[in-house]
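**Q** Attaching a single structure in structure tokens format; questions to follow.
The values are calculated or read from the model by the stated rules, or taken from the named source; none is laboratory data. Here the structure is a predicted model, which means the values were calculated and not measured. Glycine gets a Cβ as well: all are built from the backbone with ideal geometry, and neighbour counts include every protein chain shown. Accessible surface is based on the protein model in full, side chains and every heavy atom, while ligands, DNA and RNA are left aside. Shrake-Rupley method; radii C 1.70, N 1.55, O 1.52, S 1.80 Å.
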Amino acid sequence: VQLQASGGGLVEAGDSLRVSCTGSGPPLSSYIVGWFREAPGKEREFVAAITSSGDSARYRETVKGRFFVSRDNAMNTGHLQMNGLKPDDTAIYYCAARRAYLGMTSMASGYDYWGKGTQVTVSS
């Protein structure tokens, strides 16, 4: 599956932004979709993930209650809704896919397919 992230941009602290991930090739419904981010000088870190059916999600502790992950399998897309953005959320955001039968993981090494990232910048 090939992935393409979109929807990043420059916002102010407290604003909301939604980034999306579009899959092509095999149906995205066969994959867990994960979201990761990489800030300058920092390692890539897990943000959120959602099961192939969308019935369960996992979040990084620091984004719980602010970020919400969803998916639309009919449209082969996944979304990461980010509310109450903070300057610390500034990073390149990546979506990734992992075959559904493997189960959920927050480890970047567990995802086989990655899209090009989209930049999210939050000004103070």
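**Q** Connecting C-alpha atoms closer than 10 Å in a GNM of the chain, tell me which of Lys86, Lys64, Lys42 has the biggest fluctuation.
**A** Between Lys86, Lys64, Lys42, it is Lys42 that shows the largest mean-square fluctuation.
**Q** Take the alpha carbon gyration tensor of region 25-71, find the square roots of its eigenvalues, order them as a ≥ b ≥ c, and report rounded if a/c is under 1.5; if not, report prolate when a/b exceeds b/c, else oblate.
**A** Working: a/c = 3.27, a/b = 1.49, b/c = 2.19.
Here region 25-71 falls in the oblate category.
**Q** Set the Förster distance to 22 Å, then compute FRET efficiency between Gln2 and Arg99 from the Cβ-Cβ distance, nearest 0.05. Can you show the working numbers first?
**A** On the way: r = 15 Å, r/R0 = 0.67.
The value I calculate is 0.90.
**Q** Right, here's the next one. Working with all protein chains in place, sort Leu80, Leu102 by solvent-accessible area computed with a 1.4 Å probe, largest first.
**A** Numbers: Leu80 0, Leu102 75 Å².
Most to least solvent-accessible, the answer reads Leu102, Leu80.
**Q** Next question, about the same structure. Go through region 48-60 residue by residue and turn each phi into a ³J(HN,Hα) via Karplus (6.51, -1.76, 1.60, θ = phi - 60°); whole Hz please, and just put x for glycine and proline.
**A** Computed from phi, the couplings for region 48-60 are 6, 8, 9, 5, 4, 8, x, 8, 8, 9, 9, 10, 5 Hz.
**Q** Using θ = phi - 60° and the Karplus relation 6.51 cos²θ - 1.76 cosθ + 1.60, list the HN-Hα couplings for region 73-82 in order, rounded to whole Hz, with x at every Gly or Pro.
**A** Values per residue, Gly and Pro as x: 5, 5, 9, 6, 10, x, 9, 10, 8, 10 Hz.
**Q** Next up: Can you give me the distance in nm between label points at Ser109 and Arg18, each placed 7 Å from the Cα along the Cα-to-Cβ direction?
**A** 3.5
**Q** Considering only protein heavy atoms and a probe of 1.4 Å, how much of the accessible area of the chain is carbon and sulfur, as a whole percent?
**A** 48
**Q** Okay, moving on. With an 8 Å cut-off on Cα pairs and a minimum separation of 6 or more residues, tell me the relative contact order of the chain in percent.
**A** The value is 37 percent.
**Q** Here's another thing I want to ask about it. Provide the packing ranking of 105-111, 90-96, 1-7, 18-24, i.e. peptides ordered by the mean count of other C-beta atoms within 10 Å per residue, highest first.
**A** Working: 105-111: 14.7, 90-96: 22.9, 1-7: 16.9, 18-24: 19.6.
Highest mean packing first, the order is 90-96, 18-24, 1-7, 105-111.
**Q** I would also like to ask the following. Using only the alpha carbons, work out the radius of gyration and Dmax of region 60-124 in angstrom.
**A** In Å, with Rg to one decimal and Dmax whole: 13.1, 41.
**Q** Continuing with the same structure: Taking only protein heavy atoms into account and a 1.4 Å probe, give the accessible area per residue of region 7-60 in Å².
**A** Numbers: 2620 Å² over 54 residues.
For region 7-60, the solvent-accessible area averages 49 Å² per residue.
**Q** Then there's this: Working out 0.36 nm times the residue gap between Ser70 and Ala39, then minus their Cα-Cα distance, what length gain in nm do you get to one decimal?
**A** Contour length minus Cα-Cα distance gives 8.9 nm.
**Q** Looking at the chain as a GNM with Cα springs under 10 Å, which of Val11, Val33, Val69 has the largest mean-square fluctuation?
**A** Its mean-square fluctuation being the largest, the pick is Val11.
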